[in-house]
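Worksheet: one structure, shown below.
The values are calculated or read from the model by the stated rules, or taken from the named source; none is laboratory data. This is a predicted model, so every value here is computed, not measured. Here the Cβ positions follow ideal geometry from the backbone for every residue, glycine too, while neighbour counts run over all protein chains shown. For the accessible areas, the whole protein counts, side chains as well, though only heavy atoms, and no ligand, DNA or RNA atoms are used. Shrake-Rupley method; radii C 1.70, N 1.55, O 1.52, S 1.80 Å.
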Amino acid sequence: MTYHADVSARFEPGSPHRLGAHFDGEGTNFAVFSEHGQEVFLCLFSADGAREEMRLPLPERTGDIWHGYLPGLRPGALYGYRVAGPFAPEQGHRFNINKLLLDPYTRQMHGSFTDHTATLGYRVEDAAQDLGYDARDSAAFVPKSVVSDPALFAPDATTLGRDWRGALIYEAHVKGATMRAPEIAPPLRGTYDGLATPPMLDHLTKLGVTAVELLPVQAVKSEEALGRRGLVNYWGYNTIGFFAPEPRYFGPSGVQGFRAMVDRFHAAGIEVILDVVYNHSGEGDHLGPTLSFRGLDNAAYYRLIDGQPRYYVNDTGCGNTLNVRHPFVMRMILDSLRFWVTVMGVDGFRFDLATTLGREAQGFDPRGGILDALRQDPVLSGVKLIAEPWDVGPGGYQLGSFSAEFAEWNDRYRDTIRRFWRGDRHSAQDLGSALLGSADIFDTKGRRVWASVNYAASHDGFTLADTTRYLQRHNHANGEENRDGHHANFSDNFGVEGESADPEIRAKRAQRQRNLLATVFLSQGTPMLLCGDEGGHSQQGNNNSYCQDNPTSWVEWAALDPELITFTAALSQVRKDHPAVRQLDFLHGVTRPSDGKPDVEWRSFDGAPLDWRDPGLASLCVLLRGSAESAAGAQIEDEVLLAFNRTDAPLDLHLPKGSWIRMIDTSMMAQAPRPISSKQVSVPAHSISAFASTGSTAP
């Protein structure tokens with residue numbers, strides 16, 4: 001693209017109302033926030049991004065928005081910003097006009113980041129570290145922002161709006177889920193284009209998945225330290241562009257592949273939830289590069305330490321913390337979220353380190369500014385909101401503290417069910433709470449039972465299979481001397497660390513996986529399944545594969561166990577068919593008006609009341625009663641009995657009055673409903689059996 005010499009003379013004031021670069025059919029309006037900057041320059045680049053052809057001061061400032069309008073400037077133009085202002089790190093200011101800055105609102109990027117010392121605002125060789133000013137131009141080492149074609153980002157998307165009741169979330173990585181999928185064409189593997197192809201949709205439909213939760217897909221900057229070790233930030237929790245889809249996952253359709261992927265998921269009845277990272281940015285700590293926010297206005301975009309504004313508050317453990325209390329940072333986050341909903345069709349968000357978003361001056365506040373803004377926003381209040389309820393700052397663990405509009409990742413549930421099946425004493429009591437949606441944690445402020453997102457494994461930690469194969473983490477390939485990742489995994493290797501050819505050990509491990517899966521699917525709350533766990537995917541004991549963009553993390557579909565996949569699908573079908581195990585309200589043993597019976601009863605295997613005081617309690621039964629309305633409007637009455645036997649021997653179970661069908665028996669892989677002909681039935685050792693009353697009107 002060539003820019004005419006008179007373009008600067010035609011730079012008009014434009015409008016401050018819409019941040020970013022927007023083409024209106026005749027020209028492009030630019031608007032960017034900088035509170036402490038003294039002058040903001042728009043830099044226009046050649047079509048290949050290699051040459052800065054023009055540097056123009058934005059002609060107007062309205063409040064803290066700098067803006068201008070260039071007639072004739074069309075989509076495809078490459079640009080960036082430079083901001084003049086004080087370079088005074090000890091005062092919190094890090095302006096450096098020599099550093100090209102990415103537009104925080106850009107939807108597309110041209111080129112990629114190159115780790116080079118020229119991207120640092122300071123002289124790396126200076127003994128004073130970040131206090132010495134670096135005058136080198138960084139433009140050659142950072143991507144350029146792109147003036148987007150409005151047709152690519154039309155705000156005409158619709159969301160599915162599926163109810164929380166009956167939800168099954170499937171956590172997946174765009175690349176890891178498809179790179180080793182033999183039924184997906186090679187050019188589509190690892191891309192948005194490949195994720196929602198018929199083989200994957202068929203698989204998810206078989207499992208009964210209602211929503212895919214994707215690890216971060218917003219543009220990411222991989223850490224320089226990983227590059228030095230020959231690694232890359234694979235998970236993507238290091239965002240630099242909150243409006244731009246990550247280019248690493250572009251396939252033949254480019255940026256359009258993302259919206260097409262969402263549309264195909266929607267056509268299959270599957271929602272798309274994004275894991276989003278608004279707690280920090282990819283610019284790192286005070287020694288990190290100047291790529292966007294730091295150079296636009298460091299003191300506004302980031303939380304700085306009181307009395308030492310040279311340094312960043314690090315409640316995230318990632319080097320910096322975004323200042324979400326600042327009105328324009330909050331605006332950027334809300335604008336970003338609305339973009340992904342209204343333009344890209346996304347159905348919800350899982351907020352990484354969500355405690356950080358709720359931090360006010362006095363600490364975490366569930367009614368904090370941005371959290372309240374999410375609750376009342378006419379767009380965002382209508383989508384699914386999930387909190388990761390912790391960060392590493394003071395008082396950072398806030399499980400159960402979020403408002404009723406949020407679901408929360410329940411890591412306590414994960415640890416509880418692992419401990420129970422491992423055989424830990426006192427764990428049955430915690431299991432009782434977990435099975436009923438952790439009411440002791442979540443049953444406040446009018447919350448519903450779906451608030452507890454229950455899982456046995458997630459991307460962060462051991463996979464389900466590795467929970468049964470390893471006692472210790474094996475993260476040596478990460479290059480951090482095996483010091484990274486969770487140290488408390490509540491796992492069990494059955495006497496052999498890693499793979500084993502012993503058929504007895506393999507059988508025990510398979511049994512444990514089935515038990516953990518069944519526990520998740522039969523618990524009240526929202527089940528979440530990690531991609532690959534349905535078939536036994538292993539990461540060879542790496543419980544922190546954030547930098548392993550290779551077969552360690554990629555799901556090897558050909559190696560998955562098809563029988564375990566079928567077992568998982570059977571669990572999902574039982575959950576779908578029986579509203580008693582997926583209720584909206586918490587169960588407390590209250591009398592049901594419909595039949596005069598309690599909504600939940602705890603029993604021993606012999607039918608006697610359960611002795612919760614027993615520290616070695618290893619077997620328990622829970623009888624669930626629930627109601628729901630069918631699609632045809634008929635009232636469904638459902639009664640389900642769950643029997644957990646962790647002991648080393650089979651136990652005789654005395655069934656309640658009535659006729660029963662055994663729906664699930666985790667002692668075996670194949671599942672088929674089996675009518676029970678007597679009032680006493682054997683529950684195998686180390687297993688779960690689930691029974692449905694034939695008096696139920698559920699399927």
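Miscellaneous remarks
- Condition met for Tyr249 (aromatic (Phe, Trp, Tyr) and open to solvent by less than 10 Å² (accessible area, probe 1.4 Å)): yes
- Among the candidates Gly616, Gly695, Gly658, residue that is at positive phi, open to solvent by 20 Å² or more (accessible area, probe 1.4 Å) and either out of contact with any strand residue (DSSP E or B) (no Cβ under 9 Å at 6 or more places or on another chain) or free of Cβ contacts under 8 Å to residues at least 60 places away in the same chain (or both): Gly658
- Matching residues in region 201-240 - criterion: being closer than 27 Å to Val453 by Cβ, of a type outside the set (S, T, N, Q) and either at pLDDT below 95 or not in a loop (DSSP other than H, G, I, E, B) (or both): Leu201, Asp202, His203, Leu204, Lys206, Leu207, Ala211, Val212, Glu213, Leu214, Ala219, Val220
- Considering region 147-180, the residues that are more than 22 Å from the chain's Cα centre (by Cα) and open to solvent by less than 20 Å² (accessible area, probe 1.4 Å) include one that is nearest to Ala407 (Cα to Cα), namely Phe153.
- Criterion (touching a residue at least 12 places away in the same chain (Cβ under 8 Å), within 24 Å of Ser138 (Cβ to Cβ) and outside any strand (DSSP E or B)) met by exactly one of Gly68, Gly14, Gly49: Gly49
- Which listed residue is of a type outside the set (Asp, Glu), surrounded by 17 or more Cβ atoms within 10 Å (Cβ to Cβ), modelled with pLDDT of 95 or more and over 22 Å from Tyr170 (Cα atoms), from Ser452, Ser458, Ser401: Ser401
- Test result for Leu642, under 32 Å from the mean Cα position of the chain (by Cα) and of a type in the set (A, V, I, L, M, F, W, C): yes
- Meets criteria (open to solvent by less than 50 Å² (accessible area, probe 1.4 Å) and touching a residue at least 12 places away in the same chain (Cβ under 8 Å)) for Thr210: yes
- Filtering region 77-104 to residues that are open to solvent by 30 Å² or more (accessible area, probe 1.4 Å) and under 23 Å from Pro13 (Cβ atoms) leaves only Ile97.
- Residue list for region 34-90, filter: closer than 24 Å to Val255 by Cβ, among the small types (Gly, Ala, Ser) and in contact with a Leu (Cβ under 8 Å, 6 or more places away or on another chain): Ser46, Ala47, Gly49, Ala77, Gly80
- The sole residue among Arg74, Arg107, Arg55, Arg123 that is open to solvent by 10 Å² or more (accessible area, probe 1.4 Å), basic (Lys, Arg) and in contact with a helix residue (DSSP H, G or I) (Cβ under 7 Å, 6 or more places away or on another chain) is Arg107.
- Within the span defined as region 523-540, one or more residues are part of a loop (DSSP other than H, G, I, E, B), on the phi > 0 side of the Ramachandran plot and crowded, with 24+ Cβ neighbours inside 10 Å.
- Of the residues in region 325-337, none is closer than 20 Å to Lys221 by Cβ, in a loop (DSSP other than H, G, I, E, B) and of a type in the set (Val, Ile, Thr).
- Among the candidates Arg412, Arg338, the residue that is in contact with a Ser or Thr (Cβ under 9 Å, 6 or more places away or on another chain), among the charged types (D, E, K, R) and modelled with pLDDT of 95 or more is uniquely Arg412.
- Tallying residues that are out of contact with any Lys or Arg (no Cβ under 7 Å at 6 or more places or on another chain), open to solvent by less than 20 Å² (accessible area, probe 1.4 Å) and of a type in the set (D, E, K, R) within region 565-602 yields 0.
- Residue list for region 336-368, filter: out of contact with any strand residue (DSSP E or B) (no Cβ under 7 Å at 6 or more places or on another chain) and either farther than 28 Å from Ser148 by Cα or free of Cβ contacts under 8 Å to residues at least 60 places away in the same chain (or both): Arg338, Leu353, Thr356, Arg359, Glu360, Ala361, Gln362, Gly363, Phe364, Asp365, Pro366, Arg367
- Any hit, region 239-247, residues being more than 20 Å from the chain's Cα centre (by Cα) and of a type in the set (Asp, Glu): no
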